[in-house]
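The values are calculated or read from the model by the stated rules, or taken from the named source; none is laboratory data. In this text, all values refer to a predicted model and were calculated from it rather than measured experimentally. All Cβ positions, glycine included, derive from the backbone under ideal geometry; neighbour counts span all protein chains shown. Remember, those area values only see protein heavy atoms, side chains included, never the ligands or the DNA or RNA. Shrake-Rupley method; radii C 1.70, N 1.55, O 1.52, S 1.80 Å.
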Amino acid sequence: MRRLALALLLLGATAEARESSFALMSPETQAMQREDSANPGMLWVEEGRALWESAGCSGCHGDVAGMRGVAARYPAFDGAPIDLAGRIAQCQEARQHRIPFARDSGEALALAALIGLQSRGMPISPPDDPRLAPALARGEALYRERRGQLDLSCAQCHDANAGRHLAGSSIPEAHPTGYPLYRLEWQGMGSLQRRLRNCMTGVRSEPYAYGAPEYVAIELFLMRRAAGMALETPAVRP
Amino acid sequence: MARALINLPRTARRGEVIEIRTLIQHVMETGYRPRADGSVAPRDIITHFTCLYNNEEVFSVELAPAIAANPFLSFSLVTAESGILAFTWTGDNGFEQTETRSLTVT
């Protein structure tokens, strides 16, 4: 019975019209994302292309085009829930026996952007792995939990007040369609975890450390919530 | 070396106006921004960009501290003959980078 209710809930969620933050952006920022020649995220993609060779990824994986569709089905399960950045680090650590690039370092973002680009335009397709269920439920709970001195949950902004304004910026629906992405405010590239940290400090709560399982749980929930939406990596955001 | 992206047609007709777009990775640190410890991050910007078309300057620009990181520049030129376009960015701390592209004019 509970399973049926959950299925209906998810169905309801996907049937509803969902909107990427892209739709809320100015025409200039949209053009910047649309035009590869103007999208600064492509600089990281180019760096990723160079690293794909120099960091030895091509030796096992061949052409990066073989990574098509991969970014659309993460986080996945491998002993524990693992996100795409974690998977790349795992290859470096376990298979190449080297120290992985730090999370959100230029190199890690470059490789993730390159791999993400291979799935641009493809629908987000979370894996149907029952072993992910506990983390998915935890992610949803974290999404609905009030936090910080402002005592606000993610849902209060991104579900209840999506489309409204908060100090000059529109509140988007928080779909993780474009990561890693170039944010004008950052003047650089950043991961979903960096974005989530921004939202956590925004309500004056202590963000989790980079790589914490809580982020992977939240990402699992956000990806499930965005299932079917097109990937935009590397997106541009204000 | 900084990553740079240059977008222009590979071939064009003589006398055609072509659009060139360049994007380069650079922090463009203004020199006014306080760091976490209260000290001010020293200025580190690209100050100058030129485009040479067969060694003749066809476009140049001075860049200022208020310009965003990873500056994007777009300009157009009228094609004359086939040849080489050389793009050079120079800036603080000895920053200098040149990229070249060939253009076939028919």
Rounded, prolate or oblate: which fits the range A:120-163 when a ≥ b ≥ c are the square roots of the eigenvalues of the alpha-carbon gyration tensor, with rounded for a/c under 1.5 and prolate only if a/b beats b/c? oblate
Give me the summed buried accessible area for the A-B pair, 1.4 Å probe, to the nearest 100 Å². 1100 Å²
Within the range B:1-103, report the trypsin sites (Lys or Arg not before Pro) that DSSP leaves as loop and that have at most 12 other Cβ atoms within 10 Å. B:R10, B:R13, B:R14, B:R35
What is the average number of partner chain Cβ atoms found within 10 Å of a Cβ in A:33-40? 5
Out of B:T47, A:A209, B:F75 - ranked by how far each Cα lies towards the positive end of the dipole of the protein assembly as shown, with unit charges on the beta-carbon of charged residues - the top one is A:A209
FRET efficiency, 1/(1 + (r/R0)^6) with R0 30 Å, evaluated for A:R68 and A:E19 via beta carbons: 0.75
Taking a ≥ b ≥ c as the square roots of the Cα gyration tensor eigenvalues, with a/c under 1.5 meaning rounded and otherwise prolate when a/b beats b/c or oblate if not, the range B:1-71 comes out prolate
For the pair A:A141 and B:D44, what calculated FRET efficiency results from E = 1/(1 + (r/R0)^6), where r is the Cβ-Cβ distance and R0 = 35 Å, to the nearest 0.05? 0.20
Please tell me the relative contact order of the range A:61-158 in percent, rounded to the nearest whole number, where contacts are Cα pairs under 8 Å and at least six residues apart. 31 percent
Mind checking which of A:A110, A:A17, A:A162 has the largest fluctuation in a GNM of chain A, springs on alpha carbons under 10 Å? A:A17
For B:E57 and A:D151, what does the FRET efficiency come to when R0 = 51 Å and r is the distance between their Cβ atoms, rounded to the nearest 0.05? 0.30
Where Lys and Arg each count +1 and Asp and Glu each count -1, what net charge lies around A:A230 among other residues with Cβ under 15 Å from its Cβ? +3
For a protection proxy built on the mean count of beta-carbon atoms within 10 angstrom, sort B:55-62, A:201-208 highest first, please. A:201-208, B:55-62
Taking only C-alpha positions in chain A, Rg and Dmax in angstrom work out to 17.5, 53
Just to confirm, what accessible area per residue do you get for chain A at 1.4 Å probe, in whole Å²? 50 Å²
